[in-house]
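The structure that follows is given in the form of structure tokens.
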Amino acid sequence: MDHFLYRGGRLHAEDVPLEAIAAAVGTPVYVYSAATLTRHFRLFDEALSAMPHLVCFAVKSLSNVAVLRLLADEGAGMDVVSAGEYLRAKAAGVPGDRIVFSGVGKTREEMRIVLESGIRQVNVESEPELEALSEVAVSLGVTVPITVRVNPDVDAKTHAKIATGKSENKFGIPIARAREVYALAARLPGLRVVGIDVHIGSQLTELAPFEAAYAKVASLTGALRADGHSIERLDLGGGLGIPYTRSNEAPPLPMDYGAMIERTVGHLGCEIEIEPGRLIAGNAGILLTRVIYVKSGEGRDFLILDGAMNDLVRPAMYDAHHDIVPVIEPEPGLEQQPYDIVGPVCETGDTFARGRDMPPLKAGDLVAFRSAGAYGAVMASEYNSRPLVPEVLVKGDHFAVIRQRPTYDEMISRDTIPPWL
Ligand code: LLP
């Protein structure tokens, strides 16, 4: 459920008509609903309420500092994958002991930044990384809590570009080698083993792959404890999928996911951490754009929008489907017509949908891409020198710009011409 509904024939974000936001901020613009974000966070928090737990929002999915503050005020921890994300979480007021640091290629500089300012745990993904982290920790005179990310060799049954839990993927260490890697971790100075980490992929629409992975983690917990390691925490990653169409998809609910976690690892007495991103942010955001032209082509009509692949890359990158809806509610029974919906970027890949049935639209009309809150704004770029798309947060009947659209001058002035040119 989200809070983007038609009221009086106009699409609203909570109590704010999207037309008002377009008029004030211009388009394209991302619009987030605070009520949806908090609702989704609470669903996870409640789903795990029978166990000690921390829901760490995956900052990579939506990293605006205002959104992080909103979720932190709800009690969320954060999962970060770079020093940049860590510093965003800190800027939002999240204490270091509620931030977990994941990622396959952390640099020593990034390690230094998080160790100096405090971190709940580092999820380590390789032996060389263990050694590097140990060196940095010793040089700073600190001991860092760690987990090792294990790769359980489970097929997440999702898009190949976002599956991470098969042995051919670059992530984690093979679960079969976990005991030797933990033995190394225990020997290295400056590290304190606290648990196990796993994440098998994103946009999973079934529980079975999670359950298979978590069962492997449960038996590994027993083996590692028998080896003398203290396994107090299990970081079970993110990945629960969302419905991208209004009609047929019904991925499992956080409640079912929580019950499955309790069933597979609840008996171990560990604190449970999860790292959801998409399910919290995805349906909490839309990308609002305006039709620039309607162009008649050979046997098809193109809707040319002022939003493009640089603003929302998911369709170009993963063939992702986003529902696209007009801001003015179509009259019931109005005949639809197929459109190819495209942006202005000079690439054929800048196509959001082909032959998509829409009510008749004209230049100047507003349309909204649904389910664009996660991996939307964060993956935006300035390709074709289109200024970075701004973001707006709505709460009740008020809204605020939480990231300004840069002016052309601001965008261009980041470049410098060397004096020798
Ligand atoms: N934890 C780790 C270690 C991750 O790699 C990810 C996502 C998450 C948590 C959060 O997963 P979520 O709950 O959001 O599924 N750009 C792609 C998605 C990439 C996901 C990368 N890792 C997309 O637009 O579909």
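The values are calculated or read from the model by the stated rules, or taken from the named source; none is laboratory data. Note that the structure is predicted; figures quoted are calculated from it, not measured. Ideal geometry is used to build each Cβ from the backbone, glycine not excepted, and the neighbour counts take in all protein chains shown.
Cβ-Cβ below 7 Å, separation at least six or inter-chain, first residue in the stretch 162-179 and without any contact (Cβ under 8 Å) to a residue 24 or more places away in the chain and of a type in the set (D, E, K, R), second assigned to a loop (DSSP other than H, G, I, E, B) and more than 11 Å from the ligand (Cβ to nearest atom): which pairs?
Listed by first residue and then by second, the contacts come to 166/153; 166/155.
Let me ask you something else. Restricting to the stretch 376-402, give me the number of residues that are surrounded by fewer than 20 Cβ atoms within 10 Å (Cβ to Cβ) and outside any loop (DSSP other than H, G, I, E, B).
The qualifying residues number 10.
Determine whether the stretch 65-81 contains at least one residue that is part of a loop (DSSP other than H, G, I, E, B), in contact with a Cys (Cβ under 9 Å, 6 or more places away or on another chain) and not assigned by TED's automatic domain parsing to the domain that holds residue 270.
Step one: filter the stretch 65-81 for residues part of a loop (DSSP other than H, G, I, E, B), giving 74-76, 81.
Next cut, in contact with a Cys (Cβ under 9 Å, 6 or more places away or on another chain) only: 76.
Filter once more, so that each one left must be not assigned by TED's automatic domain parsing to the domain that holds residue 270: 76.
Yes: the stretch 65-81 contains one or more residues that are part of a loop (DSSP other than H, G, I, E, B), in contact with a Cys (Cβ under 9 Å, 6 or more places away or on another chain) and not assigned by TED's automatic domain parsing to the domain that holds residue 270.
Restricting attention to the stretch 260-318, and to residues there that are assigned to a loop (DSSP other than H, G, I, E, B) and within 12 Å of the ligand (Cβ to nearest atom), which single residue is surrounded by the fewest Cβ atoms within 10 Å (Cβ to Cβ)?
Initial filter on the stretch 260-318 (assigned to a loop (DSSP other than H, G, I, E, B)): 269-270, 275-277, 298-299, 306-313.
Checking which are within 12 Å of the ligand (Cβ to nearest atom) leaves us with 275-277, 312-313.
Numbers: 275: 27, 276: 28, 277: 24, 312: 26, 313: 19.
Filtering first and then ranking leaves 313.
Yes or no: residue 41 more than 22 Å from residue 125 (Cβ to Cβ), touching a residue at least 40 places away in the same chain (Cβ under 8 Å) and outside any loop (DSSP other than H, G, I, E, B)? Show your work before the answer.
Values: more than 22 Å from residue 125 (Cβ to Cβ): yes; touching a residue at least 40 places away in the same chain (Cβ under 8 Å): yes; outside any loop (DSSP other than H, G, I, E, B): yes.
Against the criterion (more than 22 Å from residue 125 (Cβ to Cβ), touching a residue at least 40 places away in the same chain (Cβ under 8 Å) and outside any loop (DSSP other than H, G, I, E, B)), residue 41 qualifies.
Additional query: Out of the residues in the stretch 349-375 that are of a type in the set (Lys, Arg) and surrounded by fewer than 16 Cβ atoms within 10 Å (Cβ to Cβ), which is nearest to residue 21 (Cα to Cα)?
362
Give the number of residues within the stretch 63-82 that are more than 16 Å from the ligand (Cβ to nearest atom) and at negative phi.
Final tally of qualifying residues: 7.
Still on this structure, I have one more. Does residue 106 qualify as being surrounded by 16 or more Cβ atoms within 10 Å (Cβ to Cβ), under 19 Å from the mean Cα position of the chain (by Cα), part of a loop (DSSP other than H, G, I, E, B) and among the charged types (D, E, K, R)? Steps first, answer last, please.
Details: surrounded by 16 or more Cβ atoms within 10 Å (Cβ to Cβ): yes; under 19 Å from the mean Cα position of the chain (by Cα): yes; part of a loop (DSSP other than H, G, I, E, B): yes; among the charged types (D, E, K, R): yes.
So residue 106 fits the description; yes.
Go through (1) within 16 Å of the ligand (Cβ to nearest atom); (2) surrounded by 13 or more Cβ atoms within 10 Å (Cβ to Cβ); (3) more than 21 Å from residue 100 (Cα to Cα) and name the single condition residue 245 misses.
Result: residue 245 passes all but (2).
The rows are residues; the columns are (1) out of contact with any Gly (no Cβ under 8 Å at 6 or more places or on another chain); (2) under 18 Å from residue 215 (Cβ atoms); (3) of a type in the set (A, V, I, L, M).
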{"residue": "139", "(1), (2), (3)": "yes, no, no"}
{"residue": "144", "(1), (2), (3)": "no, no, yes"}
{"residue": "150", "(1), (2), (3)": "no, yes, yes"}
{"residue": "153", "(1), (2), (3)": "no, yes, no"}
{"residue": "163", "(1), (2), (3)": "no, no, yes"}
{"residue": "169", "(1), (2), (3)": "yes, no, no"}
{"residue": "174", "(1), (2), (3)": "yes, yes, no"}
{"residue": "179", "(1), (2), (3)": "yes, yes, no"}
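Please go through (1) out of contact with any strand residue (DSSP E or B) (no Cβ under 6 Å at 6 or more places or on another chain); (2) within 14 Å of the ligand (Cβ to nearest atom); (3) closer than 22 Å to residue 89 by Cβ for residue 140 and return the number of the only condition it doesn't satisfy.
The number of the failed condition is (2).
This table checks each residue for (1) closer than 11 Å to residue 146 by Cβ; (2) of a type in the set (A, V, I, L, M, F, W, C); (3) touching a His at 6+ places or on another chain (Cβ under 9 Å).
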| residue | (1), (2), (3) |
| --- | --- |
| 167 | no, no, no |
| 170 | no, no, no |
| 174 | no, no, no |
| 186 | yes, yes, yes |
| 210 | no, yes, no |
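Kindly evaluate residue 60 against the criterion of being under 25 Å from residue 165 (Cα atoms), in contact (Cβ under 8 Å) with a residue 40 or more places away in the chain and within 16 Å of the ligand (Cβ to nearest atom).
yes
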